[in-house]
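Each value in this text was obtained by applying a stated rule to the coordinates, not by laboratory testing. Everything numeric in this text was worked out from a predicted model, so none of it was measured. Neighbour counts are summed over all protein chains in view; Cβ atoms, including those assigned to glycine, are modelled from backbone coordinates with ideal geometry.
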Amino acid sequence: MWEKNVLPDFLGVALYHSFSRKGINMPSDFNVDNLKQIKELMGDKFDHLVEVYSRTNRKHVENIRAGYASDDVIIILNSAHSMKSSAGNLGLSGLSASTEALEVGAKSVSEGAESLSSYEELIAKIEEQFEAGLIFLNKQQD
């Protein structure tokens, strides 16, 4: 169970339950301290950062799905790597961890140690975590 003081009050119980139904845990999927630091650092440019993050990483999510459909491990590897860092910087810890797992998995697939098909569920989870992360970030905007 989450502690209310870990999350900003305006996220509220409804948002918690919405994420819980999707299998997204709180607060471990979101690092509010990281987010506060980047928000303070960016100041009035934070909203623009969220917009750029959304646009860029939506493309990465699309690339991951397309790479999976076409068995292109390099596209998956590159997009997962990019998402890992940007998600972590914005406090999206769960998404960062999932994309790191996909990055490691894609390396393993490229070396012939595993099949890409074993990562379908993780890719679906990344898609859901990305959308949940956008909701979270949009709630943080002024």
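Worth a mention:
- Compactness of segment 37-96 as Cα Rg over 2.2 N^0.38 Å, two decimals: 1.25
- Spatially proximal aspartates and glutamates relative to residue 84 (Cα-Cα < 19 Å; intrachain offsets below 8 disregarded): 29, 33, 51, 62, 72, 100, 103, 120, 121, 127, 128, 131
- Dimensionless Rg/Rh of segment 97-142 - Kirkwood Rh, Rg from C-alpha atoms: 1.17
- Listed residue pairs exceeding 19 Å between alpha carbons, taken from 39/139; 45/125; 59/125: 45/125
- Among 72-81, 116-125, 88-97, the peptide with the highest mean count of other Cβ atoms within 10 Å heads the list, and the full ranking is 88-97, 72-81, 116-125.
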